[in-house]
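The values are calculated or read from the model by the stated rules, or taken from the named source; none is laboratory data. Being a predicted model, the structure only gives us computed values, none of them experimental. Cβ coordinates were reconstructed from backbone atoms using ideal geometry, including for glycine residues, and neighbour counts include every protein chain displayed. Calculation scope for accessible area: heavy atoms of the full protein, side chains included, ligands and nucleic acids excluded. Shrake-Rupley method; radii C 1.70, N 1.55, O 1.52, S 1.80 Å.
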Amino acid sequence: MSKKNSEDPGSWFAEPPLRGFQQRFRTTHRLWHQRSAYQTVEIYETVPFGRILVLDGAVQTTQRDEFIYHEMLALVPLISHGCPASVAIVGGGDGGTLRRVLACPTVTRVVQVELDPVVTDVCRQYLPEIAAGSFSDPRVQLIFGDGAQFLQQAEEAFDVILVDSTDPVGPALVLFSEAFYRSASRALRPGGLIVTQSGSPFLMPEELRRTAANMRQAFPLVRTYLALVPSYPGVVWSFTLGSTGPDPLALSLEAVEERLAQWRLSPRYYTPAVHFAAFALPAFLSQGCRGDSRYDLLPADETLSEQQA
Ligand code: SAM
């Protein structure tokens, strides 16, 4: 049952707590609420971030800061590849990643595999500026289905694969598995790269460790990098890159500047200096990402529940 435009001026939207930490947003309206075949889809009008898309209670993207996550998910691998022609996007129903991929002039084909058509429909209606018409670009093939199944059966190869999915629970869990990364490795051309959003290094360190470890089973080079996304819990957000060859850190600053200029891109968050700085992990995060849970900053939920017992 979908409910639209319920006015509720003095309320808050709160995400579910993680490791004893919870964030909330002052809201003026809930513009959409629907249980799709896969998840609960909501759109809120909020005071700090404008309109936000929420799936199963978790903030996905906001009008105010969507550019940060979408630029950092797309531009780091695209610039590192150098001349990507064919790109696959898994998830990404709001269209923000697609828009950044299409802005890259060497891209001639994008296949986007989004599980839930309700997400795309609702974002087209309430957050149209995020995709900004990208789904109608003639280079785009939009498929509604499971991204893991698509890559397993893919008969074409890609230069870059971007996993813009919800967090590793429910239908997205398969997108963080070793089997998925092996399929992705087979679906990439020589010199290809994959990047996935890999969650909060503070609130979801286990998921990040598992993602990087699974990716290392399928790719010779795996690197995690960070971005600062104010609307995400804990603000610091991670991305994990797998490469069949090119090392994003092997580029020179001048080469990154040159590609941005050649592609006539002027991003709002990504810069040549940010390209390199994003990979400079603080010591405790680097140890944590590589598997040592002693460096986790916040106590795990089960420790919390023991403390509360
Ligand atoms: N930008 C958001 C973020 O920061 O995490 C995510 C963007 S998008 C809204 C996440 C999408 O992943 C959702 O639309 C969801 O339907 C999709 N998704 C989840 N599991 C999937 C799967 N197995 N295959 C394809 N899409 C999937």
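Carbon and sulfur atoms: what percent of the 1.4 Å accessible area of the chain do they account for? Its accessible area is 53 percent carbon and sulfur atoms.
Each peptide in 195-203, 152-160 was scored by the mean count of other Cβ atoms within 10 Å over its residues; highest first, the order is 195-203, 152-160. Database remark: amide H of VAL236 closer than 5 angstrom to the amide H of VAL229 (H placed geometrically; neighbours at sequence offset of 5 or more, or on other chains; Pro and chain starts carry no H). Summed over the residues of the chain and divided among them, the accessible surface reaches 42 Å² per residue at a probe radius of 1.4 Å. Label-to-label distance for SER11 and ARG182 is 4.7 nm, based on points extended 7 Å past Cα in the beta-carbon direction.
When all alpha carbon pairs of the chain are counted in 10 Å bins from zero, the resulting P(r) reads 6, 28, 36, 23, 6, 0 %.
Solvent-accessible surface of protein heavy atoms, probed at 1.4 angstrom with all chains present, puts SER136, SER231 in the order SER136, SER231, largest first. Take the Cβ atoms of ARG290 and ARG24, set R0 to 41 Å, and the FRET efficiency comes out at 0.80. Measuring how big the stretch 11-62 is from its alpha-carbon positions, Rg and Dmax come out at 10.8, 30 Å.
Amide H contacts under 5 Å for VAL113: ILE89, VAL90, GLY91, ILE143, restricted to partners 5 or more places along the chain or on a different chain, H placed in the peptide plane at 1.01 Å from N. Annotation: extensible slack from ALA213 through ASP56 equals 53.9 nm (criterion: 0.36 nm per residue apart, minus Cα-Cα distance). On the beta carbon distance between ALA85 and ALA280, with R0 = 30 Å, the FRET formula returns roughly 0.50.
Rounded to the nearest whole Hz, the Karplus-based 3J(HN,Hα) values (6.51 cos²θ - 1.76 cosθ + 1.60, θ = phi - 60°) of the stretch 104-109 follow the sequence 7, x, 7, 6, 10, 8, with x at glycine and proline. Projecting the Cα positions of CYS123, TRP263, PRO201 onto the charge dipole of the chain (unit charges on Cβ atoms of Lys, Arg, Asp and Glu, taken about the Cα centre) puts TRP263 furthest along the positive direction.
Here the Karplus relation 6.51 cos²θ - 1.76 cosθ + 1.60, evaluated at θ = phi - 60°, turns the backbone of the stretch 29-41 into coupling constants of 9, 9, 8, 8, 8, 8, 8, 8, 5, 10, 6, 8, 10 Hz, with x for every Gly and Pro.
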